[in-house]
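The values are calculated or read from the model by the stated rules, or taken from the named source; none is laboratory data. Please read these numbers as outputs of a predicted model, since none were measured by experiment. All Cβ positions, glycine included, derive from the backbone under ideal geometry; neighbour counts span all protein chains shown. Quick note on the areas: whole protein, heavy atoms, side chains included, nothing else; ligands and nucleic acids left out. Shrake-Rupley method; radii C 1.70, N 1.55, O 1.52, S 1.80 Å.
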Amino acid sequence: GSEFALCHAESQLMSAVVAVLNESLTESIKGFYKLRTAYKTLDGLLQAEDKYRKGASASIASTSRNSLDSQRFTGVVPGGSGDESMSVSRTSLPKPPTERATPATLGNGVDDDDDDDEFEFVDADEGLPSDSVPAHYLGHLVTSEPQGPFQKLSLNDEHPSNSISATTKVDYSVQDEGADLSDFSNHPVDEFIHSGSNLCFGILQLMLSLIPPAFSKLLYIIGFKGDRERGIKMLWQATHYSNINGALAGLITLGYYNGMIGFCDILTADAYPKDRCRALLADMRERYPRSHLWLLEEARMHAGDRELEKAVDLTSKSSRSPLKQVEALQWFENSLNCMYLHRYSDCSASFQKCVTLNNWSHGLYYYIAGVAHVEEYRLHKASNPKLAQVHAKKATDLLNIVPQHTGKKKFMARQLPFDIFVLRKIRKWEHRAKEWGVEFVDAVGVSPIEEMIYFWNGYKRMRTEHLETSLARLAWSESSANPLWAREGLDEHAILHVLRAATLRNLGRTGKAEELLKREVISHEWSSFKGHLKDNWTLPVAHYEMAVNLWTEMDAERSDKAMLRECSGWLEKVGGWESYELDARIGLKVTTARDTLKKYDTGAA
């Protein structure tokens, strides 16, 4: 029944995802309970595997010690000459890996009739009418040709070596801890169970370990915490198999490293195994050469290597994916990279394309598309006023439709964080335009496109020339080209200094960044950032940036315990902060940073 248990756990996981994305809080909570059920099932499967594996190992050791007692000879003794033959008593050997593991052998790896009482068997009900049993199998598990709308779908090309029915393992240069399929069987069902268990339990462990402090109470519902290291090892293990579980594990593993790890700042030197990820990507592209998902991951790798131009070329010039969801992901990745490259018009067009491909976050897409034209307006305001007005109109038109596209989607019965953020920004600029008697586009504060770059950690993907461009765009706010800077409040000044400090840090100028944060932001009271339409995220983020600066300044071994303690102290302040805008997003970085610091001795009592 292991295959049924696995499929049931997978259905619980999928059901949990749907429930959590439901607009009802009750359904969302039910979803987390389903995660708990799936967790228990998967944990049971893996414990059974471990029990069998340990039993088999113990049996092999016992066989070695007692081999002389268990041998039956049909010819002369070993060591003689001629056509001697030898047979070994089967009861002394573990079950060969080519045979299926059964409930009778799962406990200790041998055929031992004395252990049958550990399992409960129930006689089948023989009272069923004979006509209730079909005369032949009515299922459709195997057909000669795909039917209906599925006949055009394919993950493979015409080469037989790429057939999805192949289940050969991939030998990566780095082997993973844990059970290997050779410990069990090469039967396709066993491959499915073993790879599927590692995939699903690995996802759960990884996902639960990434829950930010703002959502920590959810762990009380689930009843346990995740183990990131164990989860990622299990995903790597699952990638070794050329079936659907291996493909999904590869996609999630690459997504974790290229997305989540790329999003965070405080990491160990080996947090991103670049060569291993490249080997995995190369293998996946060989297995599924016509899949656009791997092109997307390759683009993310280029962006992680600060080769943004290559990333944009890859996503913009590749053929169109037959799956709308994959095409949406490609356009979104292209939009972000254009934003990091300060290609404002391309960025705006790409995000508007995302609106046609995705049902989520339309408000955010229109917002970024609009503020991209704000930057174009500012760039041409002095040199080409006529062109500047064209961009001003485009910016105003796009930003004016943002409110009608926010609040339509909810997460756990709450509005999406970015929806709340962009709606407040629009209201703030509308209020300032009326109060100051200026055009809406002139009431926009410190570069909102640079603000978005920070929240997506785009500075980490920029080369020096890109970072210098960001500094120039930030400098516009306090330049003579902006006559409204003197009317700006503390919150806008803090935005400028936090973004500037983050840019300086990525340029390696951490000392200047720390000085700026302490003098211009951290020196102010938290109460000064609270209030109607104010940006309140800058003070906690400034504390986080202080921790990142300290981490960056340390040597590779992180041997300075005083600096480690100070870094940890800044993180603890951010982790314990009361609610603020986009706290869950910053919380992901804080959670990862805390996990990283746990690996070092801070010398604290």
- Message: Checking Ser528 against (1) of a type outside the set (Phe, Trp, Tyr); (2) open to solvent by 40 Å² or more (accessible area, probe 1.4 Å); (3) assigned to a loop (DSSP other than H, G, I, E, B), only one condition comes out false. Which one?
- Response: (3)
- Message: Based on this model, can you work out whether Arg427 counts as assigned to a helix (DSSP H, G or I), open to solvent by 30 Å² or more (accessible area, probe 1.4 Å), modelled with pLDDT of 95 or more and of a type in the set (Lys, Arg)?
- Response: yes
- Message: Would you confirm whether or not segment 561-569 contains a residue that is open to solvent by less than 30 Å² (accessible area, probe 1.4 Å) and within 22 Å of Thr464 (Cα to Cα)?
- Response: no
- Item | Matching entry among Glu515, Glu553 (being farther than 27 Å from Ile261 by Cβ, at pLDDT 95 or above and open to solvent by 20 Å² or more (accessible area, probe 1.4 Å)) | Glu515
- Of all residues in segment 1-33, how many are modelled with pLDDT of 85 or more and either surrounded by 16 or more Cβ atoms within 10 Å (Cβ to Cβ) or charged (D, E, K, R) (or both)? 9
- Message: Please verify whether Trp577 is assigned to a helix (DSSP H, G or I), out of contact with any Ser or Thr (no Cβ under 6 Å at 6 or more places or on another chain), among the aromatic types (Phe, Trp, Tyr) and open to solvent by less than 60 Å² (accessible area, probe 1.4 Å), treating the condition exactly as stated.
- Response: no
- Of all residues in segment 238-254, how many are of a type outside the set (S, T, N, Q), open to solvent by less than 20 Å² (accessible area, probe 1.4 Å) and either assigned to a helix (DSSP H, G or I) or within 30 Å of His543 (Cα to Cα) (or both)? 6
- Item | Residues located in segment 519-565, provided they are free of Cβ contacts under 8 Å to residues at least 24 places away in the same chain, among the basic types (Lys, Arg) and under 21 Å from Val590 (Cα atoms) | none
- Please name all residue pairs, on different chains or six or more residues apart, with Cβ atoms under 7 Å, provided the first residue is in segment 359-375 and is at positive phi and the second residue is not in a helix (DSSP H, G or I). Ser361/Leu416
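Determine, yes or no, whether Lys534 is open to solvent by 50 Å² or more (accessible area, probe 1.4 Å) and within 28 Å of Arg432 (Cα to Cα).
yes
Out of the residues in segment 453-506 that are part of a helix (DSSP H, G or I) and among the basic types (Lys, Arg), state the one that is surrounded by the fewest Cβ atoms within 10 Å (Cβ to Cβ). Show your work before the answer.
If we filter segment 453-506 for residues that are part of a helix (DSSP H, G or I), which is where we start, we get 453-455, 458-461, 464-478, 485-487, 490-506.
Checking which are among the basic types (Lys, Arg) leaves us with 460-461, 473, 487, 500, 505.
On the way: Lys460: 18, Arg461: 24, Arg473: 21, Arg487: 12, Arg500: 22, Arg505: 25.
My answer is Arg487.
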- Only one of (1) outside any loop (DSSP other than H, G, I, E, B); (2) of a type outside the set (Ser, Thr, Tyr); (3) within 26 Å of Met339 (Cβ to Cβ) fails for Asp283. Which number is that? (3)
- Message: Which count do you get for residues in segment 220-237 that are at pLDDT below 90 and surrounded by 21 or more Cβ atoms within 10 Å (Cβ to Cβ)?
- Response: 0
